[in-house]
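Before any comments, here is the structure.
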Amino acid sequence: MTMRVLAICLILRIVSPVTAQEFQLHSFARQQLSDVYYAEGIAAGDLNADGTMDIVYGPHWYAGPEFIVKQEIYPAVPQNREGYADNFFNWVYDFNEDGANDILVVGFPGTAAYVYQNPGNDGLTRLWEKHQVADSVGNEAPQFADITGDGVPELVCTRKGNYGFYAPQAAEPLAEWKFFSISEPTAPHPFGHGLGLGDVNSDGRIDMIATDGWMEQPAQATVEAIWEFHKYPFARAGADMFAYDVDGDQDADIITALSAHDFGLAWYENTGTNAAGEIDFEQHLLLGTTTADSPYGILFTELHAVKLADMNGDGLLDIVTGKTYWSHHTQSPMWDAGAVVYWFELSRNEDGRIDYIPHLADGEAGIGRGLAVTDLNQDGLSDIACGGMKGANVLRHVAQAVTAEEFKKAQPQKRKDMAAGLSPGDAAKNMTVPPGFKVQLAAGEPLVHQPLAMCFDHKGRLCVAEAHTYPLRAPAGEGKDKI
């Protein structure tokens with residue numbers, strides 16, 4: 001039988017001097033652009049050449065920086081929330097180099113991709129011309145980035161079971177793009193989950209990352225070549241994946257969601273090359289299947305989009321993600337939980353330990369399969385644009401200068417495991433209290449027995465209710481509970 005030790009403790013406020021160091025708290029103000037489900041993603045870019053970021057959500061673009069006035073890109077048709085939209089991912093880029101940014105749209109997995117050609121400032125109130133550039137785009141985390149190093153971004157995805165990328169043709173960038181396969185037909189089709197880019201082996205070339213390993217870009221013949229596959233179980237069904245030096249040791253670690261429709265977020269520490277010549281990794285879990293798996297005791301599901309951005313200006317890339325609300329309708333665990341958006345602050349401690357501190361950016365907006373994190377209003381802070389089943393929202397980033405005391409009080413606290421069988425003194429030491437407070441033991445067993453409640457009277461005396469028989473009801477006149 002385990003003895004339960006109960007104690008009465010006093011929580012005392014600690015007052016300490018404030019240093020001259022600057023402290024900031026980061027918060028986000030939500031602006032809803034639409035409550036209609038038009039698309040699974042969202043994008044940002046300057047579409048009217050005024051030097052200000054605009055927002056693209058489904059058939060509309062919203063003029064920045066207010067994002068109130070909107071124009072149609074193609075005829076607006078609300079999508080069925082019991083199914084899925086015909087618009088999943090968007091990117092803004094000037095494909096034909098006419099000085100006006102166009103919009104690349106990837107639809108439902110396995111379907112075609114299109115470029116909507118910007119008509120120029122004189123035609124922005126009319127519909128945009130549509131050009132099919134890819135016949136089939138697979139995987140639910142395609143990337144639009146320069147994988148070849150030629151200065152022009154490619155559409156990185158899968159096509160009919162092959163990993164690879166579509167490259168715009170220099171002479172006709174709005175004509176059909178060519179797909180360059182870099183693998184045998186081993187990729188899931190069309191609903192694969194998890195894809196990313198980065199220099200995994202630090203050789204100066206961009207590799208492709210998948211849930212079950214990574215493909216090494218060869219030194220020569222990057223086009224129409226089979227890239228060497230290095231097997232490693234990063235995730236079951238990830239989202240956007242990244243190679244980034246998390247711990248500052250000059251090699252690439254991997255950041256990924258573990259399952260886009262249920263649980264998990266982790267970073268994999270690059271621990272060096274093993275005897276077989278392969279890079280080994282060690283998993284560090286940020287979110288798991290229970291609150292006990294998270295260092296900070298948080299839990300949410302459906303991390304179908306992940307981005308990296310420096311959210312607090314310290315030069316390190318933080319993780320931005322959230323809940324892709326209704327991503328598999330009622331099939332996902334915790335499908336009806338809050339549509340949260342979080343950013344995880346990367347902290348490199350002096351002793352070499354790595355910490356990712358979770359900060360709630362919003363509890364209602366949620367995310368879709370596409371997520372945009374960029375400075376929308378040119379104030380030096382990264383804002384967040386979210387689009388999906390909840391419609392479209394902009395989370396405007398605000399940084400507020402505070403005192404050291406206010407900063408410390410607002411910081412998330414790490415989860416503590418519950419402890420049993422402690423002495424009263426040790427129980428007091430194990431308590432979690434807000435920053436700036438400490439616990440002082442006032443009374444413990446045997447001075448008090450199972451204290452259930454307490455209060456102060458008008459003279460400042462502490463009255464304690466002791467449970468000697470509770471919760472078992474004693475016969476009339478035989479109760480032993482005391483005050």
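The values are calculated or read from the model by the stated rules, or taken from the named source; none is laboratory data. Being a predicted model, the structure only gives us computed values, none of them experimental. Because the Cβ atoms are built from the backbone with ideal geometry, glycine has one as well, and the counts that use them run over all protein chains shown. Ligands, DNA and RNA are excluded from the accessible area calculation, which covers all protein heavy atoms including side chains. Shrake-Rupley method; radii C 1.70, N 1.55, O 1.52, S 1.80 Å.
Just need the relative contact order of the chain here, percent rounded to a whole number, with Cα pairs under 8 Å and 6+ apart.
About 17 percent, as a whole number.
Let me have the 222 nm mean residue ellipticity of the chain computed from DSSP H runs of 4+ only, each contributing -39500 (n - 2.57), with the sum over all residues rounded to the nearest 500.
-500 deg cm²/dmol
Give a residue-ordered list of calculated ³J(HN,Hα) values for the range 127-136 (Karplus: 6.51 cos²θ - 1.76 cosθ + 1.60, θ = phi - 60°; whole Hz; x for Gly, Pro).
Each residue of the range 127-136 in turn: 5, 8, 6, 10, 10, 6, 10, 9, 8, 7 Hz.
Would you please put 464-472, 180-188 in order of how densely packed they are, using the mean number of other Cβ atoms within 10 angstrom per residue and starting with the highest?
Ranking, from highest mean packing down: 180-188, 464-472.
Excluding ligands and nucleic acids, what accessible area in Å² is computed for VAL69 using a 1.4 Å probe, to the nearest 10?
About 90 Å², ignoring ligands and nucleic acids.
If packing is taken as the mean number of other Cβ atoms within 10 Å per residue, what is the order of 412-425, 142-155, highest first?
Values: 412-425: 11.9, 142-155: 17.4.
Ranking the peptides 412-425, 142-155 by packing returns 142-155, 412-425.
If you work out mean projected area of the Cα convex hull in nm² from the coordinates, which of (1) 31.2; (2) 23.2; (3) 26.2 do you get?
Only one listed value fits the structure, namely (1).
I'd like the distance between the alpha-carbon centres of the range 148-214 and the range 224-244, rounded to an integer number of Å.
Between the Cα centre of the range 148-214 and that of the range 224-244, the gap is 11 Å.
Non-local amide H neighbours of PHE437 (under 5 Å, H modeled in plane, Pro and chain starts lacking H): which ones?
ILE14
To the nearest 0.05, how large is the calculated FRET efficiency for ILE68 and ALA467 if R₀ is 51 Å and r is the Cβ-Cβ distance?
The calculated FRET efficiency here is 0.25.
How many nm is it between the label spots at GLN400 and ALA145, if each spot is 7 Å from the Cα in line with the beta carbon?
Output for this residue pair reads 3.5 nm.
Express in nm, to one decimal, how much length is gained between GLN450 and LEU285 on full extension, taking 0.36 nm for each residue of separation and deducting their alpha carbon distance.
The GLN450-LEU285 span can extend by a further 55.6 nm.
Please sort by residue number the GluC sites (Glu not before Pro) in the range 258-361 whose DSSP state is loop and whose Cβ has at most 14 other Cβ atoms within 10 Å.
Sparse-neighbourhood loop GluC sites (Glu not before Pro): GLU278, GLU350.
Which value, in Å to one decimal place, does the Kirkwood hydrodynamic radius take for the range 105-179 when every pair of different Cα atoms is included?
13.1 Å
What is the calculated FRET efficiency for ALA476 to THR186, with r their C-beta to C-beta distance and R₀ = 60 Å, to the nearest 0.05?
0.20
Tell me the carbon and sulfur percent of the accessible area for the range 281-388, rounded to whole percent, probe radius 1.4 Å.
Values: 1710 of 3840 Å².
Result for the range 281-388: 45 percent of the exposed heavy-atom area is carbon or sulfur.
Taking 0.36 nm per residue of sequence separation and subtracting the Cα-Cα distance, how much length would be gained by fully extending the chain between ALA337 and THR273, in nm to one decimal?
18.9 nm is the gain from fully extending ALA337 to THR273.
Cα centroid distance between the range 427-483 and the range 60-134, in Å?
First find each Cα centre; the distance between them is then 64 Å.
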